[in-house]
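The values are calculated or read from the model by the stated rules, or taken from the named source; none is laboratory data. On a predicted model such as this, the values are computed, not experimentally measured, just so you know. Positions of Cβ are generated from backbone atoms using ideal geometry, with glycine treated the same way; all protein chains shown enter the neighbour counts.
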Protein chains: 4
Amino acid sequence: MTELTLAQANTIIEAAFAKASELKLKPLSVAVLDAGGHLKAFQKQDGSSMLRFEIASGKAYGALAVGAGSRWLNTTAGERPHFVQALSAMSGGKIVPVPGGVLIRDEAGAILGAVGISGDTSDNDETAAAAGIEAAGFTADKG
Amino acid sequence: MTELTLAQANTIIEAAFAKASELKLKPLSVAVLDAGGHLKAFQKQDGSSMLRFEIASGKAYGALAVGAGSRWLNTTAGERPHFVQALSAMSGGKIVPVPGGVLIRDEAGAILGAVGISGDTSDNDETAAAAGIEAAGFTADKG
Amino acid sequence: MTELTLAQANTIIEAAFAKASELKLKPLSVAVLDAGGHLKAFQKQDGSSMLRFEIASGKAYGALAVGAGSRWLNTTAGERPHFVQALSAMSGGKIVPVPGGVLIRDEAGAILGAVGISGDTSDNDETAAAAGIEAAGFTADKG
Amino acid sequence: MTELTLAQANTIIEAAFAKASELKLKPLSVAVLDAGGHLKAFQKQDGSSMLRFEIASGKAYGALAVGAGSRWLNTTAGERPHFVQALSAMSGGKIVPVPGGVLIRDEAGAILGAVGISGDTSDNDETAAAAGIEAAGFTADKG
C-alpha cells in the first residue's frame, strides 16, 4: 500500500471545491483521513456552519470503519438501525452514517484513506468527494 | 461579522421573558450562545425545572451546529433519525433536536449566535426566542 | 431553606460586575448555581475568553460539591492532590479547584447556591463573587 | 471583529511550513481554529506522527480557552498543576498545555482564532506558528 501524501490530500480538497463551485453547492467542509482514520488535511469554506468538521470527518471515519462508503451505512441504518447505533456508541460518536464519506482506493483496490464532505445535501456532498478523489488519480468507493 | 455583545444578549432574554409573560407561558429557561457555541448569557425563571439549562442550550447548540433553527433538526429527526442520532452522539449529547433553538442573524445574514428556550411547548419556546431576537434588532432564523 | 430567586441571582451578577468595574478587573464571566448545582443565571462580559463559562461554573460546582468555598479545594489540591483529582474525575471534570467559587449562605447558614467567577486573578474573582453575594443580602463563604 | 477566512487560514499554514523548511524542522501538523474553537483548516506533513492533529489543535484550543498563548498554560502547569489538570478534565481532554498554541489577534487586539503546531520541539512549533500568523498580517500572541 502506498501512503496518501499531503500533496494528494490537498489536491483532493481543491478538486472537491472546484466541483462544488461548478455545481453551485453551499459552503462545504472537506476532511481527508488517512487509512488509519487520522486527519491528514481539512478545509472549511467561509459560511460552512459550526459543527461541519465533526460531521465531515465522521462520514469519512464511518467509511473507513466498515470498509465501504458511508452510503452503505445510510442504507444499513434503515435496515438494521441497532447495528449503526452500536457502531456509533462503540466509536464514541465518531461515525456519521449518511452519504458523503467516500473511500480512496488505489488501482489495486487498497484503501488509502477516505474523504468526508458536509454542507450541501448528502448526495451533493458525495458527488464532490468522488470528484476530488478521481482528480487525484484514485478510485472513489461510495459504498 | 459583528460579535454579539452582552448588552444585546440581555436584551434578547428580557424581551423573550416579556413575550412569555404576554402569552402566559410556563416558567422558561433562556440561553444565548455566541457564534462559536459558547454561552454568553442565561437566565432560568423561578419554577423552571432542573435540566432546563441543558435543554435550552442544547437547542441553540444544535441550531449553530448545522446552521439552521432547531425546527430543521426536529423535521430531520423524523425523516433521517440516524443522522440526528449521530449528531447527538458526535457532540457528546449537546444537541437537542426540537423547536426552540433559533439562529440570530444580522442584516447581511451572518450568524451571530443562537437563542435556545425550554419550559413551555416547543412551539411557544420558539415564539419567545424569535421575539427576543427581533427585539434586539436581529433576524430570527427558525429553521 | 429558602430557594434562590432569579431576581436575587441577577442582583448578585450586577453587584459583582460593579465591584469588578470599581477594581478595574479584566472582563469577567459570572455563574450563579442553585443549591442543586444547576445553573440559575450567567453573564459573560465582552472580551472574556472562550471557556470562561466552564471555568466559572466549575468553581461554583466545586464549592457546592464539598460545602466550602473553592479556596478550600485550592488548598486541598496542594496537600492532597489525589483527593482533588478524584473529585475531578468523579464529577466528569465539572470541578475547578481554585479560588473564585463562593457559597451563598442565608442567615441560618443554609446553602442557597454558589457563585463562580473567572477572568481576572483567582483572588480578584473571589472578591467580586463575595461582593455580589453580600449585595444581595446573603453571607459569602469563601472556604 | 472580522471573521478569519479560509484564504487567511491557508496562508497561515503555508507560511508556517515555509518557516519550518527554513529552520529544517521535523514534519509538522498545523491546525487553525476560529475564535469559537472550531477547526478552519489543517494540514499534516508526511511523516508527522499519528496523534499530531489532536496535539496541535489541543494547543490552539487551550490558548483560546483562557485567552492567552499556550505558553501561559505551560507556565501555569508548573505553578498550579491542579488548575491545568482541571481545565483538561473540564474540556474532555481537549487542552494541550505546552507552547505551540498561538492566538491570532487583529490590529485592535481582538482574537480571531488560534494556530496550534506540533511535530518539533514546543519552542520551534511556536516559532513556526507565529511566523504563519504574521505572514497573514495578524499579530501573534504567544502567551
Among the candidates C:Asn74, C:Asn10, single out the residue that is in contact (Cβ under 8 Å) with a residue 12 or more places away in the chain and out of contact with any helix residue (DSSP H, G or I) (no Cβ under 8 Å at 6 or more places or on another chain).
-> C:Asn10
Filter the stretch B:1-13 for residues that are within 14 Å of chain D (Cβ to nearest Cβ) and more than 16 Å from the chain's Cα centre (by Cα); the one that is farthest from A:Asp46 (Cα to Cα) is B:Thr5
Go through A:Ala31, A:Ala77, A:Ala16, A:Ala20 for me and flag whichever is closer than 29 Å to D:Thr2 by Cβ and more than 14 Å from the chain's Cα centre (by Cα).
-> A:Ala20
Please find, among B:Ala108, B:Ala77, the residue that is assigned to a helix (DSSP H, G or I), surrounded by fewer than 24 Cβ atoms within 10 Å (Cβ to Cβ) and out of contact with any Lys or Arg (no Cβ under 9 Å at 6 or more places or on another chain).
-> B:Ala77
Going through the stretch C:1-14 one residue at a time, which ones are surrounded by fewer than 22 Cβ atoms within 10 Å (Cβ to Cβ) and either hydroxyl-bearing (Ser, Thr, Tyr) or closer than 19 Å to C:Ser122 by Cβ (or both)?
-> C:Thr2, C:Thr5, C:Thr11
Restricting the search to the stretch D:13-31, which residues are part of a helix (DSSP H, G or I) and over 17 Å from A:Ile13 (Cα atoms)?
-> D:Ala15, D:Ala16, D:Phe17, D:Ala18, D:Lys19, D:Ala20, D:Ser21, D:Glu22
Of the residues in the stretch D:18-29, those that are under 15 Å from D:Thr121 (Cα atoms) and touching a residue at least 60 places away in the same chain (Cβ under 8 Å) number 8
Right, C:Asp125: surrounded by fewer than 24 Cβ atoms within 10 Å (Cβ to Cβ) and under 12 Å from the mean Cα position of the chain (by Cα) or not?
-> no
Take D:Lys40 and decide whether it is within 16 Å of the chain's Cα centre (by Cα), surrounded by 24 or more Cβ atoms within 10 Å (Cβ to Cβ) and either more than 27 Å from C:Val84 (Cβ to Cβ) or facing another protein chain (nearest Cβ under 10 Å) (or both).
-> yes
Can you find a residue in the stretch A:90-104 that is in a helix (DSSP H, G or I) and either under 20 Å from D:Asn10 (Cα atoms) or in contact (Cβ under 8 Å) with a residue 24 or more places away in the chain (or both)?
-> no
Can you tell me which of A:Ser57, A:Ser88, A:Ser49 is at pLDDT below 95 and facing chain B (nearest Cβ under 10 Å)?
-> A:Ser88
Any chance the stretch B:123-141 includes a residue that's in a loop (DSSP other than H, G, I, E, B) and in contact with a strand residue (DSSP E or B) (Cβ under 6 Å, 6 or more places away or on another chain)?
-> yes
Of the numbered conditions (1) farther than 15 Å from D:Val84 by Cα; (2) of a type outside the set (Gly, Ala, Ser); (3) crowded, with 18+ Cβ neighbours inside 10 Å; (4) touching a helix residue (DSSP H, G or I) at 6+ places or on another chain (Cβ under 7 Å), C:Lys94 fails exactly one; give the number of that condition.
-> (1)
Do we find a residue being out of contact with any strand residue (DSSP E or B) (no Cβ under 8 Å at 6 or more places or on another chain), within 19 Å of A:Glu54 (Cβ to Cβ) and surrounded by 24 or more Cβ atoms within 10 Å (Cβ to Cβ) anywhere in the stretch D:27-35?
-> no
